[in-house]
Amino acid sequence: MINCAFIGFGKSATRYHLPYVLIRNDKYRVKTIYDIVAKPEIESRPQYRRITFTRDVNEILTDDTISLVVICTHPDSHYSWAKACIEHGKNVMVEKPFTTTLDEAKTLLALAKQHGVTVTPFQNRRFDSCFLTVQQVIKSGLLGDIVEIESHFDYFRPEAQPQVNHPFNGAFYGLGIHTLDQMLALFGRPRQVAYDIRSLRLKQNPDDTFEAQLYYDDLKAIIKTSHLVMTPYPRFIVHGTRGSFIQMQIDRQESYLKENIMPDHPTFCANNQPGIIEYLNEEQQTVKREVPAVRGDYGRVYDALYDTIMNGAANYVSEQDMLTNLEILEGGFSRATPFVIDLD
């Protein structure tokens, strides 16, 4: 059993973490939650009745029975909170983005090794249904050698509220950190990256539209997000030397959680849409069929982390993937501009 604590008690903690960790009561006990502001109407809910809520973070840092702290605060506080927890001998998991700079991530990883603990990002979308299905199809070999994969994570939100214009408040850090991680999980570190990062709704805001192209020899991986897409693209399109695969539907865990249908409910994500594969078989005949969607489960992040802390298993996100992710995100703002050919 791992005693864990949370720093931050906003939407991230209540929607994406606690519904999954609370039902893993054979592995985890959520002992304490810290937030700067009391939220009695939420704290009093039945599922939280055995949790201590505090306004004093030292109740977590100095509690030797707590071995894991999950940080669900604003991005610009991730580094300082993670550093404090590591220095107090805690294992740490950090919401996205892991840190706001590559140097901060390197510092935390080195500090964790020094203190003999684990520090890891929360990359829950490695356990999206749509991604797991694509991963399964690629591993099957039915498509041959993969030459192109395109990933879309779009919205139609034409109205935008003014925001502080820091990169970590934008779409590339907010969503690209996940779709980029999925490509790193599939293919590893790319040779080259090209960027198109823009703000279309309010020019003074951080980016709301991006495209990044990752080049791996003969393979190109494309990740795209826009807040001005009314008619959806497929979530994934994959092309190989022997065929293609399309997955239209994005993982639906978030939709169910918004409707207060929890992961332990029998109808949770019960009707995921299948994908469509079309390929040449060994007899050179064209085969087209449905591929049942693999069931997604963000709680598998906690299963993997338990195995790392308790059994010494490798981190479910490698150190190289963590650092490459932030290197690519940071690079999009430090040196890259959209490709433009001036014809005048």
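Worth pointing out:
- Between Leu228 and Arg201, the contour length at 0.36 nm per residue exceeds the Cα-Cα span by 8.9 nm.
- Rounded to the nearest Hz, the phi-derived 3J(HN,Hα) couplings of the stretch 314-320 under the Karplus curve 6.51 cos²θ - 1.76 cosθ + 1.60 (θ = phi - 60°) are 4, 4, 5, 10, 5, 4, 4, where x marks glycine and proline.
- GNM top mover of Met230, Met322, Met262 - the chain, alpha-carbon springs below 10 Å: Met230
- For the chain, the convex hull spanned by the alpha carbon atoms encloses 166 Å³ per residue.
- Candidate aspartates and glutamates - alpha carbon under 13 Å from Lys203, same-chain residues fewer than 8 apart omitted: Glu159
- Computed over the chain, relative contact order equals 17 percent, with contacts defined as Cα pairs under 8 Å that lie 6+ residues apart.
- About the centre of its Cα atoms, the stretch 215-326 shows a dipole size close to 420 debye [charges on the beta carbon of Lys, Arg (+1) and Asp, Glu (-1) only; nearest 20 debye].
- Judged by the mean number of other Cβ atoms found within 10 Å, the most tightly packed of the peptides 186-199, 97-110 leads the ranking 97-110, 186-199.
- Tail fraction, Cα-Cα pairs, the stretch 125-298, threshold 25 Å, whole percent: 39 percent
- Ascending count of other beta-carbon atoms within 10 Å, so fewest first, for Met93, Met1: Met1, Met93
- If you take all other residues with their beta carbon under 15 Å from the beta carbon of Val69, and give Lys and Arg +1 and Asp and Glu -1, the sum is -3.
- Oblate is the label for the stretch 106-168, because the ratio a/c of its alpha-carbon gyration tensor axes (a ≥ b ≥ c) is 1.5 or higher and a/b is not greater than b/c.
- Charge-dipole axis of the chain as Lys and Arg at +1 and Asp and Glu at -1 on Cβ define it, positive-most pick from Met1, Leu111, Pro232: Met1
- For the peptides 131-144, 156-169, the ranking by mean Cβ contacts within 10 Å, running from highest to lowest, is 131-144, 156-169.
- Binning all Cα-Cα separations of the stretch 2-121 at 10 Å, short to long from zero, yields these whole-percent fractions: 14, 49, 32, 6, 0.
- Given Lys31/Lys83; Lys90/Lys224; Lys139/Lys220, the pairs whose alpha carbons are separated by over 28 Å: Lys90/Lys224
- Shape of the stretch 88-194, Cα gyration tensor, a/c cut at 1.5: oblate
- Helix-derived mean residue ellipticity, 222 nm - over the chain, DSSP H n ≥ 4, -39500 (n - 2.57), to 500: -7500 deg cm²/dmol
- Whole-angstrom gap from the stretch 307-325 to the stretch 7-43, using each part's C-alpha centre: 23 Å
Values quoted throughout were computed directly from the atomic coordinates according to the rules given, and no laboratory measurement underlies them. This one's a predicted model, so the numbers in the text were calculated from it and none came from an experiment. Here the Cβ is made from the backbone with ideal geometry for all residues, glycine too, and neighbour counts use every protein chain on show.
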